[in-house]
Amino acid sequence: EYIANVASSEIFPTWPEAALRANILAQISFALNRIYTEFYPSRGYDFDITNSIANDQSFVDGREIFDNINEITGDIFDNYLVRQGFVEPLFATYCDGIEVTCPGLSQWGSVTLAERGLTPYAILQNYYGNDIDIVTDAPIENATNFAIWIIVSLVVSFWFWFDIIIYSIIIIHY
């Protein structure tokens, strides 16, 4: 449910399926990379990912999940991107490509490529290079516990950043 929520928060369900699949694969890989590399825990935090789009992905608790995005996510939840010869999930950066540009996937650019007939894999190669592979059917031990764990991590990270902001306001005020 985490990835379906992120996808429903960041992309449009009306986009071509190839663009949706490419974006969702990037989102899955990004999240798995954060967990695999222990990005935040290695810096002393007790969470794995935030809902800050400046650093991570947009997760909106309780939001509506679009049916087609939910179906695609269910189809490819156990797939992710890697560089050829590596096991680490690709740090698949992405941005909207209009208001913000980045060295990774352009979400709106993926729509244009899908409309030209490119496959999800070809779209991803366009942004991440020809040396990527898609790992398929990765073993998922317990997806329900994983989803609960991600949500708890997001809540903890929200309160962590909320406390920092409040503390900063108090310091600036006094």
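The values are calculated or read from the model by the stated rules, or taken from the named source; none is laboratory data. Only a predicted model underlies this, so the values are computations on that prediction, with no experimental measurement involved. All Cβ positions, even for glycine, are placed from backbone atoms using ideal geometry, and neighbour counts span all protein chains on display. Ligands, DNA and RNA are stripped out before the accessible areas are found, and what is left, the full protein with its side chains, is counted by its heavy atoms. Shrake-Rupley method; radii C 1.70, N 1.55, O 1.52, S 1.80 Å.
So the values come out like this:
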{"item": "Close pairs from the stretch 20-34: first closer than 13 Å to Ile132 by Cβ and among the hydrophobic types (A, V, I, L, M, F, W, C), partner open to solvent by 10 Å² or more (accessible area, probe 1.4 Å) and assigned to a helix (DSSP H, G or I), Cβ under 7 Å, at least 6 apart", "result": "Ala22/Pro120; Leu25/Ile76; Leu25/Pro120"}
{"item": "Selection status of Ser42, more than 20 Å from Leu124 (Cα to Cα) and open to solvent by less than 50 Å² (accessible area, probe 1.4 Å)", "result": "no"}
{"item": "Selection from the stretch 35-44 of residues that are in a loop (DSSP other than H, G, I, E, B) and free of Cβ contacts under 8 Å to residues at least 12 places away in the same chain", "result": "Glu38, Phe39, Gly44"}
{"item": "Filter result (under 21 Å from Ala7 (Cβ atoms), loosely packed, with under 15 Cβ neighbours inside 10 Å and modelled with pLDDT of 95 or more) within the stretch 100-121", "result": "Thr112, Glu115, Thr119"}
{"item": "Val6 being loosely packed, with under 13 Cβ neighbours inside 10 Å and of a type in the set (Val, Ile, Thr)", "result": "no"}
{"item": "Count of the stretch 45-65 residues which are farther than 23 Å from Glu99 by Cα, open to solvent by 50 Å² or more (accessible area, probe 1.4 Å) and touching a residue at least 40 places away in the same chain (Cβ under 8 Å)", "result": "6"}
{"item": "Every pair of residues 6+ apart whose Cβ atoms lie under 8 Å, when the first sits in the stretch 69-92 and is modelled with pLDDT under 95 while the second is part of a helix (DSSP H, G or I) and buried (at least 18 other Cβ atoms within 10 Å of the Cβ)", "result": "Phe77/Ile3; Phe77/Ile28"}
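So that you can scan it fast, the table gives a plain yes or no per residue for (1) of a type in the set (Ser, Thr, Tyr); (2) in contact with a strand residue (DSSP E or B) (Cβ under 9 Å, 6 or more places away or on another chain):
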position: Ile65; (1), (2): no, no
position: Asp75; (1), (2): no, no
position: Asn79; (1), (2): no, yes
position: Val82; (1), (2): no, yes
position: Leu90; (1), (2): no, yes
position: Thr93; (1), (2): yes, yes
position: Thr101; (1), (2): yes, yes
